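Presented below is the structure to which this report refers.
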Amino acid sequence: MSKSYRVAILGATGAVGTELLELLESRNFPIANLKLLASERSVGKTLKFKGENIPVEPVTEQAFENVDIVLASAGGGTSKTWAGVAVAKGAVVIDNSSAFRMHPEVPLVVPEVNPQAAASHKGIIANPNCTTILMTLAVWPLHKIKPVKRIVAATYQSASGAGAKAMEEVLTQTSDILQGKQPVAEVLPYPLAFNLFPHNSPLTDLGYCEEELKMVNETRKIFGSQEIRITATCVRVPVLRAHSEAINLEFETPFNPDEARAILSQAPGVKLVEDWQANHFPMPIEASGRDEVLVGRIRQDISHHCGLELWLCGDQIRKGAGLNAVQIAELLIEKNLLQSTTA
Ligand code: A2P
């Protein structure tokens, strides 16, 4: 009989947490026991898994006993408090927050790009930032053929990146505006319905927000290359759950768009969506609920002979967060990497 595992979802009631639950069920993840953890606010709630109602438990030290894998998506502060506790109790933590991503001893893994990095884990593996995951899926297959020198990215990010409450807020604001009422912003800093604004993560001294610097630093770590020059402008748009990105790539030598198209049509986790006659390219509405990152509109950069332009859309909650985390867990099982090496 094949082995099954004791899994805990930390942040089970959130946007990513509920998606994790669905992914574990639909991918038939080998589960022996499932614990659903959230804040005290959610105690008394139940969530459905394979037809069964599972109670949501508060996070405590005891909650991590007899757990093999923790899928954490409850924010950086919660991960910082509990990841070490879970690891000390023998679990491997796959963390969706930014708490450990740049820690030199924590692998930052996109299974289609750098699965080998997972082997060096010491109990925690970080799931990269959503915009970064989506971008690496499209850029890595090209970078492997011809090194990318510089990436210029502009993102169009959905409300889901700010959590379930932000998604609800956009729907309420939309309805309020349609009824002639003033929209109220409580979760996000400004009304997002019928609007957009530069990403709401904290600004740094460089003038970049943290989200933009995550794309820079995390992509370099995942690619194992500190030389790639990367710049990004991140923008929140009134879309519910899929992010879009306009990406300009500069290579060492010219990259034929047809060659790039052929490579991306075969790339794992990528689906090429290009109908030039119909002007049909990736759209968030078509990327939502899908596992693949939709890539298209690949064209020669007319301002640079070694440049390529491309456009992508990917489900932020799925490949941008939950799916990538579950794929890391599947990778750990497949490569027999579940034993934490801290003992
Ligand atoms: P809760 O629903 O009880 O607040 P999202 O990213 O959609 O905002 O979801 C965040 C998730 O993290 C929710 O499941 C939320 O639980 C959980 N969470 C937030 N803060 C804590 C905390 N301090 N301890 C445990 N879980 C938390």
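The values are calculated or read from the model by the stated rules, or taken from the named source; none is laboratory data. All figures in this text were calculated on a predicted structure; none of them were measured in a lab. Neighbour counts are summed over all protein chains in view; Cβ atoms, including those assigned to glycine, are modelled from backbone coordinates with ideal geometry. In case anyone asks, the SASA skips ligands and DNA or RNA and just uses the protein heavy atoms, side chains included. Shrake-Rupley method; radii C 1.70, N 1.55, O 1.52, S 1.80 Å.
Odds and ends about this structure:
- The calculated FRET efficiency for the pair S39 and H103, based on their C-beta separation and a Förster distance of 22 Å, comes to about 0.35.
- Here region 218-265 was treated as a single set of alpha-carbon atoms; its pair distances binned every 5 Å from 0 give 4, 12, 17, 20, 23, 16, 7, 1 percent.
- Placed amide H near V239: partners under 5 Å, 5+ positions off or other chain: A159
- Among 243-256, 53-66, the order from most to least packed when residues are scored by Cβ within 10 Å on average: 243-256, 53-66
- Under the Karplus curve 6.51 cos²θ - 1.76 cosθ + 1.60, θ = phi - 60°, whole-Hz ³J(HN,Hα) for region 47-55, x wherever Gly or Pro sits: 10, 8, 9, 6, x, 10, 8, 10, x
- Backbone N under 19 Å from the L206 label point (7 Å along Cα→Cβ), restricted to region 101-122: 101-104, 108
- The simple Förster model, with R0 at 45 Å and r as the Cβ-Cβ distance, assigns L178 and T81 a FRET efficiency of 0.65.
- For V93, residues with placed amide H under 5 Å, excluding near neighbours: V70, I124, I125
- When you count the other C-beta atoms within 10 angstrom of each residue and take the mean per peptide, 204-214, 6-16 line up highest first as 6-16, 204-214.
- Region 205-333: antiparallel DSSP beta bridges as a percent of all, rounded to 5: 85
- Normalising the average separation of contacting C-alpha pairs (under 8 angstrom, six or more residues apart) by the number of residues puts the relative contact order of the chain at 19 percent.
- Between the residues S288, L310, L203, the greatest Cα displacement towards the positive end of the dipole of region 132-316, with unit charges on the Cβ of Lys, Arg, Asp and Glu, is found for L310.
- Residue-normalised accessible area of the chain, given per residue in Å² at a 1.4 Å probe: 45
- Distance between the C-alpha centres of region 234-265 and region 1-75: 34 Å, rounded to the whole angstrom.
- Within region 244-276, backbone nitrogen closer than 16 Å to the virtual label 7 Å beyond the Cα of D291 toward Cβ: 266-272
- Rg(Cα) / (2.2 N^0.38 Å) computed for region 9-76, rounded to two decimals: 1.02
- The chain, helix-only ellipticity at 222 nm - DSSP H runs n ≥ 4, -39,500 (n - 2.57), divided by all residues, nearest 500: -8500 deg cm²/dmol
- Its alpha carbons give the chain an Rg and a Dmax of 20.1, 61 Å.
- Folded to 0 to 90 degrees: helix 130-145 orientation relative to the chain principal axis, Cα: 50
- The chain - share of DSSP beta bridges that are antiparallel (%, nearest 5): 50
- Taking the inverse of the mean 1/r over every pair of distinct Cα atoms in region 132-316 gives a Kirkwood hydrodynamic radius of 17.3 Å.
- Among I263, I69, the order of accessible area from largest down is I263, I69, computed with a 1.4 Å probe on protein heavy atoms.
- The lysine pair tally for region 144-252, using Cα distances under 20 Å and a gap of 8 or more places or different chains, is 5.
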